[in-house]
Amino acid sequence: MTSAAHTWEPIATRKKKTDWKRYGWLAFFLLPSAIPLAIFVFRPMISSLWISLHEWNLISDMKWVGLENYSKLLSSDQTWDIIGHTLLYIAGYLPIVYFGGLALAVLLNQKIYGRAFFRSAYFLPVITSWVVVALVWQWLLNPSNGLVNQVLGFLNLPQPGWWTDPVWAMPSVILASAWKDLGFVMVILLAGLQAVPGDVLEAAKMDGTNAWQRFWRITFPLLSPSSFFVIVISLINGFQVFDQVYMMTGGGPSGSSQVIVGQIYDLTFRYGRAGEASALSWILFLLIMLVTAFQLVGQKRWVHNA
Amino acid sequence: MPDSTVLTQSTRAPQAHSSSKADKVTSSRRLSGRSLVLHALVVLGAIMMLFPFLWTVVTSITPSGTLASGPSLLVKDPTLDAYRKLFDSLPVGRIIANSLFIAIATTVLQLLTSSMAAYAFSRIAFRGKNVVFALYLATMMIPMQVLVVPLFIQMTEFKLNDTYLSLIAPTIAAAFGIFLVKQAMDSIPRDLDEAATLDGAGHLRIFSTMILPLTKASLATLAVFAFMGSWNSFLWPLVVIRSPEFMTLPLGLATLKGQYTTEWDVVMAGSVMSIIPIAVIYLFAQKHIIEGMSHTGLK
């Protein structure tokens, strides 16, 4: 800080010319990002707010309705159902990817032959696009001739209708999503595990603790920054879930798996209710801001050494 | 780096136990039992993660007539019929090329805009820098979903719908990348560029020959994220693209599913074709991809 102030001082004496030059360089370095962000983020953001205060079907003139879209959305049961489905998705998906990813990370942190191979294998679904993952799982979970139901039938177990059944539609989406993201969570937690100092664990071992105690009392708390990061990322991604739901269930059957972003899409492009869609997208934004606030507060309170 | 520390630890461990012969025998026997269980678990995990890929390939070469009873791992009379149907209904080569082109263009542009903006925030003093930087960071909080409707309308105004530009333009600059690269640049000592300034080097020279090479690691991470983000992007192409000649893989695949709802062999053939390009890239760059991803968690 002091050195920076020191170097700028002599330049300040030749003010006029250097200022002009400095702002020239500033424009050169900053405009390539500032212009696109202004056009493709700030402008649409403001117009989204504007649209949310109107009734509009994308074609005819906009009609000012004030906050009516918001009050209509918040008083409709359908909106709460949709938010409920999104929360249900998160409630199913988050524990599976977190504890599954943690188990895989702990497993790969042991002395394992071909560790690099297994790490790459677990990571392969992460690089596969959601659309592919959704289609592959739709096929695996096909009620009539999918692999999973064939195996269940062979074992004389009940064969659910999976994505064709209102009760099983969301679990199907959760299963596919968890399969795809396990490797991502594993890689981040594995990096965290490898940063846990070995001598601390060794000292605890000398004190006669067992592996189970060492994990929950030492490793797990030291892992909290990585844990917190993957949980926050998964929460934000959870609120934004769309691709896999759109492909696997289309929000159905009979709206049983419709999520927030799916509803934004349908309201705009199927029902031509762009005003309501924009209002809903601002409600989504507020929910995400809530998670971010939780992150800022929680990081200080729960994360070791944050 | 993390790999090597774990390896040295584990190779050192047996030596510590070799104090007496009896002790060594029991510990190594116990170790091998435990190690057997661990390896069994790891293999089981790998089967669960990889089997769906194998099943996809198997389904795609199973004759459609026998699909009704479910395919079997040992395919009787494997066939490429599904791939023929796939290539007849979609310009597959073109769609793969589109995906590659869009992803590469997005990555290059984001690397360029991010590193330049990061340099400005890290190395050029100006009034209101904090406000501008906060505005940049604010864009990171806005999810794409909030912007989809107005962005679509804006693209329609610009008459850009259904073009390559409509796919690339919204991702030219991303605050995440700027933030990532700025963090790396802030950790480079300022003495370095002050010395270069005294030697008469300008911003452009300092940026391109000194600062950029030192931020290689975070640029690599950003490249992975930008490429994967573009490659897998679905909602935005779904909204702006209509013609098959501008489609990317996820969108092409969704269209295919619309046409061949119950013909799983064709749908799986399409899935195989969209996995192949990224799998080839992954094969060569997996170390960078995985490490790039894991770096973001450590911060």
Computed magnitude of the charge dipole of region A:53-144 (debye, nearest 20; Cβ of K, R +1, Cβ of D, E -1):
740 debye
For region B:96-108, in residue order, the Karplus 3J(HN,Hα) values (coefficients 6.51, -1.76, 1.60; θ = phi - 60°; whole Hz; Gly and Pro = x) are 5, 4, 4, 4, 5, 4, 4, 5, 5, 4, 4, 4, 4
Go through B:P150, B:P170, B:S122 and say which Cα lies farthest out towards the positive end of the charge dipole of region B:96-193; charges sit on Cβ, +1 for Lys and Arg, -1 for Asp and Glu.
B:S122
Protection proxy ranking, peptides B:154-160, B:251-257, average beta carbon neighbours within 10 Å, highest first
B:251-257, B:154-160
Give me, ordered by chain and number, the residues 5 or more places off A:H54 or on other chains with an amide H under 5 Å from its own placed amide H.
A:V65
Counting Lys +1, Arg +1, Asp -1, Glu -1, what net charge surrounds B:A117 among other residues with beta carbon under 12 Å of its beta carbon?
+3
Going by average Cβ neighbours within 10 Å, how do the peptides A:27-34, B:279-286, A:205-212 rank, with the highest at the top?
A:27-34, B:279-286, A:205-212
Can you report the principal axis dimensions of region B:131-174 using only the alpha carbons, biggest first, rounded to whole angstrom?
34, 18, 14
Helix-only mean residue ellipticity at 222 nm for chain B, each DSSP H run of n ≥ 4 adding -39500 (n - 2.57), per residue, nearest 500
-24500 deg cm²/dmol
When you look at the Cβ of every residue in A:106-119, what mean number of other chain Cβ atoms sits within 10 Å?
5
With +1 on the Cβ of every Lys and Arg and -1 on the Cβ of every Asp and Glu, and nothing else charged, how large is the dipole of region B:91-259 about its Cα centre, in debye rounded to the nearest 20?
200 debye
Environment charge of A:V131, counting only residues whose C-beta is closer than 10 Å and scoring Lys/Arg +1, Asp/Glu -1
0
With just the Cα atoms defining each centre, how far is region B:45-107 from region B:216-262? Give it in Å.
17 Å
Within-12-Å neighbourhood charge of B:V42 [Cβ basis; K, R +1; D, E -1]:
+3
Chain B, relative contact order [Cα under 8 Å, separation at least 6], %:
28 percent
What residue among B:H288, B:H39, B:H203 shows peak mean-square fluctuation when chain B is described by a Gaussian network model with Cα springs under 10 Å?
B:H39
With the dipole of the protein assembly as shown defined by +1 on each Lys or Arg Cβ and -1 on each Asp or Glu Cβ, the option from A:G100, B:H203, A:A116 whose Cα lies farthest towards the positive pole is B:H203
Karplus couplings for region B:173-188 from phi (6.51 cos²θ - 1.76 cosθ + 1.60, θ = phi - 60°), rounded to Hz, Gly and Pro as x?
10, 9, 4, 3, x, 4, 4, 4, 6, 4, 4, 5, 5, 4, 8, 7
In a Gaussian network model of chain B with springs linking alpha carbons closer than 10 Å, the residue among B:P189, B:P277, B:P170 that fluctuates most is B:P189
Looking at region B:85-139, which chymotrypsin sites (Phe, Trp or Tyr not before Pro) are DSSP coil and have at most 15 other C-beta atoms within 10 Å of their C-beta?
B:F126
Mind checking A:188-195 for the average number of partner chain beta-carbons within 10 Å of each residue's beta-carbon?
5
Using θ = phi - 60° and Karplus 6.51 cos²θ - 1.76 cosθ + 1.60, couplings along region B:55-69 (whole Hz; Gly, Pro as x):
4, 4, 5, 4, 4, 5, 10, 7, x, 4, x, 8, 5, 4, 8
How many percent of the alpha carbon pairs in the protein assembly as shown exceed a separation of 42 Å?
31 percent
What does the average come to when, for each residue of peptide A:144-150, you count the partner chain Cβ atoms lying within 10 Å of its Cβ?
4
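Each reported figure results from applying straightforward, stated rules to the coordinates on display, with no laboratory input. Owing to the predicted nature of the structure, the values given are computational and were not obtained by experimental measurement. Neighbour counts run over all protein chains shown; Cβ positions are idealised from the backbone, glycine included.
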